[in-house]
Amino acid sequence: MTPPATVSPSRLTHLQRLEAESIQIMREVVAECERPVMLYSVGKDSAAMLHVAMKAFYPAKPPFPLLHVDTGWKFRAMIELRDKLVKQLGVELLVHMNPEGIARGVNPFTHGSAVHTDVMKTQGLKQALEKWGFDAAFGGARRDEEKSRAKERIFSFRSDQHRWDPKNQRPELWRLFNARKHKGESVRVFPMSNWTELDIWQYIYLENIPIVPLYLAAERPVVMRDGTLIMVDDDRMPLLPGEKPMMRKVRFRTLGCYPLTGAIESNADTLPLIIQEMLLTKSSERQGRVIDHDQSASMEKKKQEGYF
Amino acid sequence: MSHVSDLIEKDIEAYLHSHQHKSLLRFITCGSVDDGKSTLIGRLLYDSKMIFEDQMAALESDSKKVGTQGGEIDFALLVDGLAAEREQGITIDVAYRFFSTDKRKFIVADTPGHEQYTRNMVTGASGAELAVILIDARKGVLTQTRRHSFIVSLLGIRNVVLAVNKMDLVGFSKETFDKIVADYRTFANRIGLADIVAIPISGLRGDNIAQPSTSMPWYTGPALMAHLETVEIEDRLQHAPFRFPVQWVNRPNLDFRGFAGTIVSGSIGSGDKIRALPSGRESRVTRIVTMDGDLPRAVAGQSVTLTLADEIDVSRGDVLAGTESPPEVADQFETTVIWMADEPLMPGRPYWLKIGTRTATATLAEPKHKINVNTMEKLPAATLALNEIGVCNLALDRAIAFDPYASNRDTGGFILIDRFTNATVAAGLIHVALRKAQNIHWQALDVNKAARAALKGQKPCVLWFTGLSGSGKTAIANLVEKRLLSFGRHTYLLDGDNVRHGLNQDLDFTETGRVENIRRMAQVASLMVDAGLIVLVPFISPFRAERQLARGLFEPGEFFEIHVDAPLAVAEARDPKGLYRKARRGELKNFTGIDSPYEAPEKPEITLDTTRNTVTESADRIVEALRKAGILAGSH
């Protein structure tokens, strides 16, 4: 990625510029915050973000741990890749699962996606940040994901209650970030803000970054539920009367909790084919996320509550 | 998102290869909704095929429901979505949109709203390499056009596109277009904008956006998209002298010490000589380290890690520069300041200043003038309010390396941060260093503080007593000084009232006057500590910010903040000088505790509760604390 011996000085490519910008943001947080952490969801955006972090601090390891807020319902392939990568890269991983949620047996089937996400993800994240006293958390969100994110700052400040106060965000000029905060306050930092979905894929392709195989098409057991193809990833998934898992060649555009993530039928089993499919596709990325279909779940509201 | 290229379908790998070599252009669009700005951006997204079918379906139905185009597709709806957010009171300074064509990726800064326009536009323009200034062909050059252009010029954007929009509503008239362009060029020349490309467009109909217009055969220049795709952005940063603000020192083990940062201008090769600033020490670059292998050479825009041949003292905030044309080093500047906070600028109050990777303490003088952004007229001003732009002298507590903003945005642009709310309150541009500061170097004298203190056999420090009038500050300070004297210590009690009679007799009791009063007191105390004395300062000093300023003048361990705590009711009942009575009668304005606030210290070194302890007990506690801190250890 970084140009070889013959740099044409005036012509850094858009990916080189994006990478350099993300590195600068990460280093700034490490220099100015006391206890940063990188939220790591194992998805493609996290994969690209982690790769940039490895570059930003090389030859040192990233001077912060990764935090995976597990819900207990992630695809098994995600956990496998996570554990393999952590070992391979020699980075520290913290895993948190909301103990209250576990005690109450919260799951997406009986509680619905909204409750499950709130308890296991939003509350779980807050608990984890408090438990380890993190004052800065990197997230992989991008501004192109949807209209309401277009105006998001790169440094997004949260009160000591983790609330996002949209009226109290700071202007960001040049490459200057004001990371100062009071005790108890924290900041969510989005170093990949200016990347698009295509940029992320292209970067993963060029840099040969490991991703969860579920992004690539393969024969997988699925059921059709409410118009969405849901993969039967383990035997905890209760089948409705008449439902019978069928093998289909499918892949996923986004990854989360398997009962909440819709698959698409596809033959794209290489990275270039995925990118091709994405470029030719006719629907936007978040469509596969069941969570966005829940009516009261506007991103704005979720953000104020502490969901990314 | 059916991209424009057929290559995607035919040969995706070839497409990816070409996409990999795309460049990036960041631009800002200036204009209001009335000028058709949202429509234009929506049209650019649409024409570059960045709209998905589900979004398109939503757009079609929204256009019928709430569109302003009589059921036709209303492109503005693609980017607006901001009205609802405004109603919720969400501050939007800049929205960023992304699109790409086969040649380039684009990041558009869109600054909505009229009310906060200056603040928003300055923020958006700070990151832009090109500005698209929109003009409604029916209205021509308006006040707001001049305002936008002034900010574009101020923020140093050299490439300007004048997009004369709504040409369909003026019958695609060449005369109208030519007249507007001529008017604009006359004005633009005056404010130093030279590189202007004018394009007649219709955002609504798509004329000269992605495709050349068939309705304006008289226009032979490029369509807007074609221009954006091919315009050469002057890469003067690549040819400018090397500048590398050190962001982070990378020390994974004892064998490696690297300086991580982003090259903000110029280039560097391994073996090149560098100078670290402000120290002025020189060394050579031994390696340019990246995870992808060492580079022989790195250029502006790249984030790298440098190692040096010599173990010179370099830390975060320093600037590494080429030795041939290093930046200047100074601590006082003439600057342009754009105020971005509700609370106005307070001359004399310390703010954090962040420039590059350096944070320092800054105080600003009263503005020399402010600028009316509509007329560019210079107006007298005592302060700057939200959205006001003015020219101010600024002083730092330390010298920094800098370049004038006009030659380098990253080493000449700064933000100001409120020290208590932590809010970013202003953006600023350095023009020149003030000569007086450059010529008066801090003299590193042979006889120094340590030598003077050693002669007295003591460790100098300042005891800063803060508290309400009547809390007992002076009485306690008096007693502490007597004790210290009896131990053979060299002291001085700097009394607030006495200083008001002499050094500070020109100051009043307004907030500004008080800020300056404290600044001078702190400076005097600092000189006395430098002389080796233990200085006692009983002084109401009601504002945290100014006490913080005072603290900042001393070395760690030298400043003892002593909170002489008495509730207002108790202090008022004591009223030794009869001042509370006067204040209550309204004869004394701005009296702390009555009509001016007292901000209690958050973490004082010593807190004295004067409702429980006598003056003697309080003095004993202070002496004990000094003993523990090693201040009284010595040969006596």
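Could you look through segment B:445-493, keep only residues that are hydroxyl-bearing (Ser, Thr, Tyr) and in a loop (DSSP other than H, G, I, E, B), and pick out the one that is farthest from B:Met521 (Cα to Cα)? It comes out as B:Ser471.
Taking segment B:337-376 as the range and being surrounded by fewer than 18 Cβ atoms within 10 Å (Cβ to Cβ), within 14 Å of another protein chain (Cβ to nearest Cβ) and under 23 Å from B:Phe150 (Cα atoms) as the test, only B:Asp342 passes.
Scanning segment B:290-300 for residues that are facing another protein chain (nearest Cβ under 7 Å) and either of a type in the set (Phe, Trp, Tyr) or closer than 15 Å to A:Lys55 by Cβ (or both) gives B:Thr290, B:Met291, B:Asp292, B:Leu295.
Among the residues of segment B:320-329, is any buried (at least 21 other Cβ atoms within 10 Å of the Cβ) and in contact with a helix residue (DSSP H, G or I) (Cβ under 7 Å, 6 or more places away or on another chain)? Scanning segment B:320-329 turns up at least one residue that is buried (at least 21 other Cβ atoms within 10 Å of the Cβ) and in contact with a helix residue (DSSP H, G or I) (Cβ under 7 Å, 6 or more places away or on another chain). Do we find that B:Gly261 is among the small types (Gly, Ala, Ser), at the interface with chain A (Cβ under 10 Å from one of its Cβ atoms) and crowded, with 24+ Cβ neighbours inside 10 Å in this structure? It is true that B:Gly261 is among the small types (Gly, Ala, Ser), at the interface with chain A (Cβ under 10 Å from one of its Cβ atoms) and crowded, with 24+ Cβ neighbours inside 10 Å. The numbered conditions (1) in contact with a Lys or Arg (Cβ under 8 Å, 6 or more places away or on another chain); (2) within 26 Å of B:Gly301 (Cβ to Cβ) are all true for B:Met216 except (2). In this structure, B:Ala399 does not qualify as touching a residue at least 60 places away in the same chain (Cβ under 8 Å), touching a strand residue (DSSP E or B) at 6+ places or on another chain (Cβ under 7 Å) and not in a strand (DSSP E or B).
Only helices (runs of 4 or more DSSP H) whose full extent lies in segment B:1-110 are considered here, and the ones with at least 2 residues that are within 12 Å of chain A (Cβ to nearest Cβ) and modelled with pLDDT of 75 or more are B:7-10, B:12-20, B:37-47. Within segment B:583-613, being at pLDDT below 90 and within 25 Å of B:Arg489 (Cβ to Cβ) holds for B:Thr610, B:Asn613. Criterion applied to B:Gly271, B:Gly280 was being closer than 28 Å to B:Ala360 by Cα and either of a type in the set (Gly, Ala, Ser) or not assigned by TED's automatic domain parsing to the domain that holds B:Ala360 (or both), and the one residue passing it is B:Gly280.
Would you pick out the residues in segment A:201-239 that are within 12 Å of chain B (Cβ to nearest Cβ) and either β-branched (Val, Ile, Thr) or closer than 11 Å to A:Asp45 by Cβ (or both)? Once the filter is applied, which keeps residues that are within 12 Å of chain B (Cβ to nearest Cβ) and either β-branched (Val, Ile, Thr) or closer than 11 Å to A:Asp45 by Cβ (or both), segment A:201-239 yields A:Trp201, A:Tyr203, A:Ile204.
Give the residue that is surrounded by the most Cβ atoms within 10 Å (Cβ to Cβ), with candidates limited to residues of segment A:124-158 that are free of Cβ contacts under 8 Å to residues at least 40 places away in the same chain and assigned to a helix (DSSP H, G or I). So, considering only residues that are free of Cβ contacts under 8 Å to residues at least 40 places away in the same chain and assigned to a helix (DSSP H, G or I), the one surrounded by the most Cβ atoms within 10 Å (Cβ to Cβ) is A:Lys147. Regarding segment B:570-593, can at least one residue be identified that is under 20 Å from B:Val480 (Cα atoms) and crowded, with 21+ Cβ neighbours inside 10 Å? Scanning segment B:570-593, I find no residue that is under 20 Å from B:Val480 (Cα atoms) and crowded, with 21+ Cβ neighbours inside 10 Å, so the answer is no.
Restricting attention to segment A:179-200, does a residue exist that is among the aromatic types (Phe, Trp, Tyr), crowded, with 21+ Cβ neighbours inside 10 Å and within 14 Å of chain B (Cβ to nearest Cβ)? Before the answer, list the steps.
Here is the first cut: in segment A:179-200, the residues among the aromatic types (Phe, Trp, Tyr) are A:190, A:195.
When the remaining residues are screened for being crowded, with 21+ Cβ neighbours inside 10 Å, the result is A:190, A:195.
Those still in the list that are within 14 Å of chain B (Cβ to nearest Cβ) too: A:190, A:195.
Checking segment A:179-200: at least one residue is among the aromatic types (Phe, Trp, Tyr), crowded, with 21+ Cβ neighbours inside 10 Å and within 14 Å of chain B (Cβ to nearest Cβ).
Within segment B:224-256, restricting attention to residues that are more than 11 Å from chain A (Cβ to nearest Cβ) and either over 30 Å from B:Val108 (Cβ atoms) or among the aromatic types (Phe, Trp, Tyr) (or both), which residue is farthest from the chain's Cα centre (by Cα)? Of everything passing the filter in segment B:224-256, B:Leu254 is farthest from the chain's Cα centre (by Cα). Within segment B:333-355, residues that are within 21 Å of B:Gly412 (Cβ to Cβ) reach partners that are among the acidic types (Asp, Glu) and buried (at least 19 other Cβ atoms within 10 Å of the Cβ) with beta carbons closer than 7 Å, at six or more positions or on different chains, in the pairs B:Trp339/B:Glu388; B:Tyr351/B:Asp418.
The values are calculated or read from the model by the stated rules, or taken from the named source; none is laboratory data. Owing to the predicted nature of the structure, the values given are computational and were not obtained by experimental measurement. Neighbour counts are summed over all protein chains in view; Cβ atoms, including those assigned to glycine, are modelled from backbone coordinates with ideal geometry.
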